[in-house]
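Scroll down for the structure; my scribbles are underneath it.
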Amino acid sequence: MNSYINSSNFFEGNNPEKIAAEYGTPLYVYNERILRSHMDSVAKVITKYPYTANYSVKANTNIHILKLALEEGNNCDAMSAGEIQMLLAAGFPEERIFFVPNNVAQEELEFAIHNGIMTSLDSLAQLELYGETCNSLGLNDDDRSRRCAVRINPGVGAGHHEKVVTGGKKTKFGIAEEDIPQIFEICKKYNLTIAGINQHIGSLFMDPTPYLDAVTNLLRIARGFSNLEFIDFGGGYGIPYHKLDDEKDFPMEDFKKKLEPILDDFVKDYGSTPLFKSEPGRFCVAEGSVILGRVQAVKQNAGNVYCGTDVGMNVLVRPSMYDSWHDIEVIRDGNVVSRDNLKEQTVTGNICESGDILAKNRPLPEIKRGDLACILDTGAYGWSMCSTYNSRPRPAEVMICKDGSVKVIRRRETIEDLMKLF
Ligand SMILES: *Cc1c(COP(=O)(O)O)cnc(C)c1O
């Protein structure tokens, strides 16, 4: 692909230079049309059986983006009481929120119970704590909150980096299959009912095979539970981070075709048809955002060219944390610079850390001071992982709406905002 910005009409006819001038850099820019189309597409992964896509909001919790998910018919997964509060504020009714925490304090479980939110427990210890919490709150034996879910560790994992593999024997997540008998003992002790089971094998796979294997495996495990209301297969669908090198999209149609017979097999003899769920985060939001950063200085050190931008690891941590690749387009005077002539350059941020690198020895059009570096695919685990390291206030977020208008969906943080906490 020559240019994602141009081929997707990302700025909907707006001049990115004007947007940068008006709202400042570094700036997260979202595209409403692209966000909605991804959210709509995950909502249709399963059409033959009852199904919901639960947008995993840790990928991006901007309340305006949560509202888009609400409108596109996604339910949501929350990882903390804070995320639950964001979702309630965005207008999600409690029955469309699923709480999937790990290692939480009793207060967070109480908060979920008070709000009537279905909770999945990630270990036997947390299941026990959940039971104790129901008792200490004096809930009746038939109280709806005595129905909960458990997260199963599927014994297999997948993902783009060891840090994002969440299934398998070497991860902290879920309850191992051999411990399932103890789930039933704890349920009996506290009058709990397992309403659903969930899993999540990891993040960012482009080949659906490990996920399909994990679905088959979870459905096998599900047969050991009776009358499940729902079975949740987890998230992790990838997006092409190397799209400028023609990486293809996640094969959604092929995936759907292969998934259906696996579900058919299960439904045929389970006795009832549960609600199926998945938990996509990245897929919903990643491609709907770019970061506009300003190139402040270009220099040479020992033969290497360093292009210093204002997109530090505090703005986008994925490259430093996971060695993640983000495609970069260069914008000069409002236009994308052609990729016909490329030269190896290293693009860095403005943070005092040698690991503060966006792209190392990357073939890019020759970058000049004053250009805009447009970092692609930053909608997931972008702003939500921002920090104020080096006392740099966190960037603003703007949305390019479907009608082409630009609206601020989070104002830029200020030094005063940071000072207030002292
Ligand atoms: C983060 C997370 C997800 C979403 O993962 P993506 O790779 O963004 O799709 C889903 N489920 C759980 C439990 C998670 O922790």
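The values are calculated or read from the model by the stated rules, or taken from the named source; none is laboratory data. Remember, it's a predicted structure, so these values are computed and weren't measured experimentally. Cβ placement follows ideal geometry from the backbone for every residue including glycine, while neighbour counts extend to all protein chains displayed.
Within the stretch 1-43, can you find the residues that are in a loop (DSSP other than H, G, I, E, B), within 24 Å of the chain's Cα centre (by Cα) and hydrophobic (A, V, I, L, M, F, W, C)?
PHE10, PHE11, ALA43
If you go through the stretch 169-194 one residue at a time, how many are exposed (fewer than 13 other Cβ atoms within 10 Å of the Cβ) and in a loop (DSSP other than H, G, I, E, B)?
3
Do we have any residue at all in the stretch 241-250 that's within 16 Å of the ligand (Cβ to nearest atom), touching an Asp or Glu at 6+ places or on another chain (Cβ under 8 Å), under 20 Å from ALA149 (Cβ atoms) and not aliphatic (A, V, I, L, M)?
For the stretch 241-250, residues within 16 Å of the ligand (Cβ to nearest atom), touching an Asp or Glu at 6+ places or on another chain (Cβ under 8 Å), under 20 Å from ALA149 (Cβ atoms) and not aliphatic (A, V, I, L, M): absent.
I'm trying to understand the selection: among the residues of the stretch 220-235, which are within 16 Å of the ligand (Cβ to nearest atom) and not hydrophobic (A, V, I, L, M, F, W, C)?
Residues satisfying the conditions are ASP232, GLY234, GLY235.
Taking the stretch 119-156 as the region of interest, how many residues are away from the ligand (no atom under 12 Å from the Cβ), among the small types (Gly, Ala, Ser) and within 22 Å of SER203 (Cβ to Cβ)?
Number of matching residues: 2.
For VAL305, are the conditions met, namely being over 24 Å from THR47 (Cα atoms) and modelled with pLDDT of 95 or more?
Judged against the criteria, VAL305 is a match.
From GLU12, GLU22, GLU32, which residue is in contact with a Cys (Cβ under 7 Å, 6 or more places away or on another chain) and more than 16 Å from the ligand (Cβ to nearest atom)?
Residue meeting the stated conditions: GLU32.
Residues being in contact (Cβ under 8 Å) with a residue 40 or more places away in the chain and hydrophobic (A, V, I, L, M, F, W, C): count how many of those fall in the stretch 82-120.
Residues flagged as in contact (Cβ under 8 Å) with a residue 40 or more places away in the chain and hydrophobic (A, V, I, L, M, F, W, C) within the stretch 82-120 amount to 3.
Could you tell me how many of the residues in the stretch 42-53 are within 13 Å of the ligand (Cβ to nearest atom) and either free of Cβ contacts under 8 Å to residues at least 24 places away in the same chain or not β-branched (Val, Ile, Thr) (or both)?
Residues that pass the stated criteria total 1.
Counting only residues that are among the small types (Gly, Ala, Ser) and free of Cβ contacts under 8 Å to residues at least 40 places away in the same chain, which one in the stretch 54-81 is farthest from the ligand (Cβ to nearest atom)?
Of everything passing the filter in the stretch 54-81, GLY73 is farthest from the ligand (Cβ to nearest atom).
Mind telling me which of the residues LEU263, LEU316 ends up being touching a residue at least 60 places away in the same chain (Cβ under 8 Å), within 28 Å of the chain's Cα centre (by Cα), in a helix (DSSP H, G or I) and away from the ligand (no atom under 15 Å from the Cβ)?
LEU263
Answer with yes or no whether THR47 is outside any helix (DSSP H, G or I), among the hydroxyl-bearing types (Ser, Thr, Tyr) and in contact with a Ser or Thr (Cβ under 9 Å, 6 or more places away or on another chain).
No.
For THR171, indicate whether it is within 16 Å of the ligand (Cβ to nearest atom) and farther than 30 Å from ILE5 by Cα.
The answer is yes for THR171.
What is the residue count in the stretch 302-313 for residues that are on the phi < 0 side of the Ramachandran plot and in a loop (DSSP other than H, G, I, E, B)?
Final tally of qualifying residues: 4.
Report, ordered by the first and then the second residue, all pairs with beta carbons closer than 7 Å, sequence separation of six or more or different chains, a first member in the stretch 178-189 that is touching a residue at least 40 places away in the same chain (Cβ under 8 Å) and of a type in the set (S, T, N, Q), and a second member that is surrounded by 14 or more Cβ atoms within 10 Å (Cβ to Cβ) and assigned to a helix (DSSP H, G or I).
From residues that are touching a residue at least 40 places away in the same chain (Cβ under 8 Å) and of a type in the set (S, T, N, Q), the pairs are GLN182/LEU124.
Out of (1) more than 16 Å from the ligand (Cβ to nearest atom); (2) within 25 Å of VAL42 (Cβ to Cβ), the odd one out for GLU185 is which?
Just one mismatch for GLU185, condition (2).
Here is a check on your reading of the model: is ARG282 in contact with a helix residue (DSSP H, G or I) (Cβ under 6 Å, 6 or more places away or on another chain), within 16 Å of the ligand (Cβ to nearest atom) and charged (D, E, K, R)?
Criteria met by ARG282.
Scan the stretch 381-394 and report the pairs whose first residue is under 11 Å from LEU418 (Cα atoms) and whose second residue is surrounded by 15 or more Cβ atoms within 10 Å (Cβ to Cβ) and small (Gly, Ala, Ser), with Cβ atoms within less than 7 Å and a gap of 6+ or a chain change.
ARG392/GLY312
Residues that are surrounded by fewer than 23 Cβ atoms within 10 Å (Cβ to Cβ) and in contact with a Pro (Cβ under 7 Å, 6 or more places away or on another chain): does the stretch 366-385 have at least one?
No.
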